[in-house]
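Q: Encoded as structure tokens, here's the structure I'll be asking about.
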């Protein structure tokens, strides 16, 4: 397993709270909760960065791929920070690179990827990324150093 990403690898962070129900029987955050954290961070960031309700755009992003690597356990009531960056910005898709950090820690507890493919909201046919989304995504292309 490779080393966990560092905080400096990500240009933007979203704070998230863990919930009691995120813990599993073993006392740590269950793996399925990490995907919910990714989804919440990406879509919350998109709404904040664009200033629009992304659900009302003529093209919407559907998740077609996710992945996650785990480096150390998290548990309720940990406060989390999700780092967001762009791995690839295509014509109709965005691949996000993500990492989940315990608040204040420099190395990630988990790292993942999340792919949105944009489709027409009515027909569900692939279409170009909306301009407002593309402009916001440009800001995530480079890590802060």
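Q: Compute the length gained on full extension between residue 92 and residue 56: take 0.36 nm times their separation in residues and subtract their Cα-Cα distance, giving the result in nm to one decimal. Please list the in-between numbers first.
A: Values: separation 36, 0.36 × 36 = 12.96 nm, distance 1.75 nm.
Gain in length upon complete extension: 11.2 nm.
Q: Considering only C-alpha atoms, what is the centroid distance from the stretch 1-21 to the stretch 40-101, in Å?
A: Each part reduced to its Cα centre gives a spacing of 11 Å.
Q: Moving on to the next point. Within a 10 angstrom radius of the beta carbon, how do 115, 64, 132 rank from fewest other beta carbons to most?
A: Listed from fewest to most nearby Cβ atoms, that is 64, 132, 115.
Q: Here's something else I'd like to know. Going by how many other beta carbons lie within 10 Å of each one, how would you line up 65, 105, 81, fewest first? Write out the running numbers ahead of the final one.
A: Values: 65 11, 105 15, 81 19.
If I rank by nearby Cβ atoms, fewest first, I get 65, 105, 81.
Q: Going 7 Å from the Cα of residue 66 along its beta-carbon direction, which residues of the stretch 90-114 have the amide nitrogen within less than 11 Å of the resulting point?
A: 113-114
Q: Right, something else. With n ≥ 4 as the cut-off for DSSP H runs, can you work out [θ] at 222 nm for the chain, using -39500 (n - 2.57) per run divided by the number of residues, rounded to the nearest 500?
A: About -6000 deg cm²/dmol.
Q: Which of 21, 47 has the fewest other C-beta atoms within 10 Å, and how do the rest follow up to the most?
A: Ordered by Cβ neighbours within 10 Å, fewest first: 21, 47.
Every read-out reported here was derived from the displayed coordinates using simple, explicitly stated rules and does not represent laboratory data. No experiment lies behind these values; they were computed from the predicted model shown. Cβ atoms come from the backbone with ideal geometry, glycine included; neighbour counts cover every protein chain shown.
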